[in-house]
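Written below as structure tokens is the structure these notes are about.
Read the figures in this text as sums done on the coordinates, not as results from a lab. Worth saying up front: this structure is predicted, and the values here are computed from it rather than measured. Neighbour counts run over all protein chains shown; Cβ positions are idealised from the backbone, glycine included.
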Amino acid sequence: MRLFAALVPPEEAVEHLDGFLEARREAGPFRWAGAEQLHLTLAFYADVPDRSLDELVERLGAAARRRTPFVARVAGGGAFPDVARARVLWAGLDTDETGAEQLEALAQGCRNAAARTGVPVDGQRFRPHVTLARLGRPAEVTRWVRLLDGYAGPSWTADRVTLVESHLGEGPRRRPRYEVVADLPLAGVDLG
């Protein structure tokens, strides 16, 4: 299975960001992410054996319960690897200092959960972002990043880690289709 652990903004925050992008999508020659694909990846697991899923969910749940909810909002933006030769256009996540510490620790906990389960995890440095669009070839995107710098969505409480399975090519326009495997609450949160 191809899985990732993520923070998924609530519907209100996704609708706000999607509305901001809607009028601008026509102007950019990008492969835009659909509203259902907007999330912040904490850890990516490219190949999870079926037999490891239950243990991974258990360990991710334990990692989530070690962290407390924090207030966040999607704000600002950037490009990977940089604005001069971008392949990915992204929005940032704005939190206070405590939220930033919780987010960093949560991402590390999600990576550690996989490692302890024997599941390989993407080794790239954690850089909190919400992928908005991909470019077919590198391009200069300074004006897009400036536009995103002026964006600030509504605040929301990050209170769970969502484990998602990605089915490549099964979504609209051959994009990935996402399926929630588990919602794992942070400390003190009752999702029931």
For the chain, find the longest principal axis of its Cα atoms and tell me its angle to the long axis of helix 11-22, 0 to 90°, nearest 10.
20
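Find the relative contact order for segment 74-135 and round it to a whole percent, using C-alpha pairs within less than 8 Å whose residues are 6+ positions apart.
Details: 67 pairs, mean separation 26.0, N = 62.
For segment 74-135, the relative contact order is 42 percent.
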Rg (Å, one decimal) plus Dmax (Å, integer) for the alpha carbons of the chain?
16.4, 47
Counted charge near THR131, where neighbours are those whose Cβ lies closer than 15 Å (Asp, Glu -1; Lys, Arg +1):
+3
Dmax and Rg, reported as Rg then Dmax, of segment 27-129 (C-alpha, Å)
15.5, 45
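Report the relative contact order of the chain, percent, no decimals, based on alpha-carbon pairs under 8 angstrom and at least 6 residues apart.
Numbers: 392 pairs, mean separation 62.8, N = 192.
33 percent.
Looking at segment 1-74, what % of the alpha carbon pairs are farther apart than 20 Å? Don't skip to the end; give the middle numbers.
Values: 1314 of 2701 pairs.
In whole percent, the long-distance tail amounts to 49.
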Under a 5 Å amide H to amide H cut-off, with H placed in plane at 1.01 Å, what residues pair with ASP159 once short-range neighbours are removed?
none
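In percent, how large is the relative contact order of segment 61-166, given Cα pairs closer than 8 Å and 6 or more residues apart?
On the way: 164 pairs, mean separation 46.7, N = 106.
Taking the mean separation of contacting Cα pairs over the length of segment 61-166, I get 44 percent.
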Any idea which of LEU56, LEU40, LEU135 is furthest toward the positive side of the dipole for the chain, if Lys and Arg beta-carbons carry +1 and Asp and Glu beta-carbons -1?
LEU135
